[in-house]
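Structure first, commentary second.
We did not get these values from a lab; they are worked out from the coordinates using the rules stated. A quick note: this is a predicted structure, and the numbers were derived from the prediction, not measured. All Cβ positions, glycine included, derive from the backbone under ideal geometry; neighbour counts span all protein chains shown.
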Amino acid sequence: MFVCICNAIRETDLRETARRTGGDACSVYAALGKRPNCGQCLDDADMMIEEEREAARPVTIAA
């Protein structure tokens, strides 16, 4: 699925880049060599980035 039609950024590329970079959607887009155009995708992109980073965090179990 495309997250950003303007830049042809696929969800898989966004999530993969989110795991290895910091920042918001604009930062992740920059890591992909892109920048937001119309901006309609940014809220969804930020949500996907947060989901990906949350899933990648190690689970800590208190003893």
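Each of 20, 53 was scored by other Cβ atoms within 10 Å of its Cβ. Arranged with the fewest first, they read 20, 53. Out of 18, 30, 45, any idea which swings most in a Gaussian network model of the chain, alpha carbons joined below 10 Å? Judging by the Gaussian network model, the answer is 30.
Here the spin labels are modelled as points 7 Å beyond Cα on the Cα-Cβ line, and at residue 10 and residue 40 they lie 2.2 nm apart. Charged side chains reduced to their Cβ positions (Lys and Arg at +1, Asp and Glu at -1) give the stretch 2-56 a dipole of some 320 debye around its Cα centre.
Along the axis of the charge dipole computed for the chain (Cβ charges of +1 for Lys and Arg, -1 for Asp and Glu, origin at the Cα centre), the listed residues 33, 47, 7 are led at the positive end by 33. Look at 4, 26 and count the other Cβ atoms within 10 Å of each Cβ; fewest to most, that gives 26, 4. Counting neighbouring Cβ atoms within 10 Å and putting the fewest first, the residues 12, 21, 60 line up as 60, 12, 21. With each label modelled as a point 7 angstrom along the Cα→C-beta vector, the residue 19-residue 32 pair spans 1.6 nm.
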